[in-house]
Amino acid sequence: MKKQTVATVSVILIALATLSACGNTIRGIGQDTANTVNATQSAGKKVANAAN
């Protein structure tokens, strides 16, 4: 293989690995946000029940 071909394939593989890592991070942030919202709602319900 030519050096240029090897370099091109390497750059493409690195770019794909980087993009897949970003996708996992974004998915994780979405899950963390959903968990935070659920916990906040649960705490609000407990406070409302305690006030009654």
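Counting helices only, and only those DSSP H runs with n ≥ 4, report the 222 nm mean residue ellipticity of the chain as the sum of -39,500 (n - 2.57) divided by its residues, in deg cm²/dmol to the nearest 500.
Rounded to the nearest 500, the figure is -35500 deg cm²/dmol.
Among [x] 79; [y] 88; [z] 30, which one is volume of the Cα convex hull per residue in Å³ computed from these coordinates?
So the structure-derived entry is [z].
Between T33 and L13, what FRET efficiency comes out of the Förster formula 1/(1 + (r/R0)^6) with R0 = 22 Å and r the beta carbon distance, rounded to 0.05?
Using R0 = 22 Å, I get an efficiency of 0.10.
For the chain, give the percent of accessible area contributed by carbon and sulfur heavy atoms, probe 1.4 Å, rounded to a whole number.
66
The values are calculated or read from the model by the stated rules, or taken from the named source; none is laboratory data. These figures come from a predicted structure and were not determined experimentally. FYI the Cβ positions are ideal-geometry reconstructions off the backbone, even for glycines, and counts take in every protein chain you see. These accessible areas exclude ligands, DNA and RNA; they are computed on the full protein's heavy atoms, side chains included. Shrake-Rupley method; radii C 1.70, N 1.55, O 1.52, S 1.80 Å.
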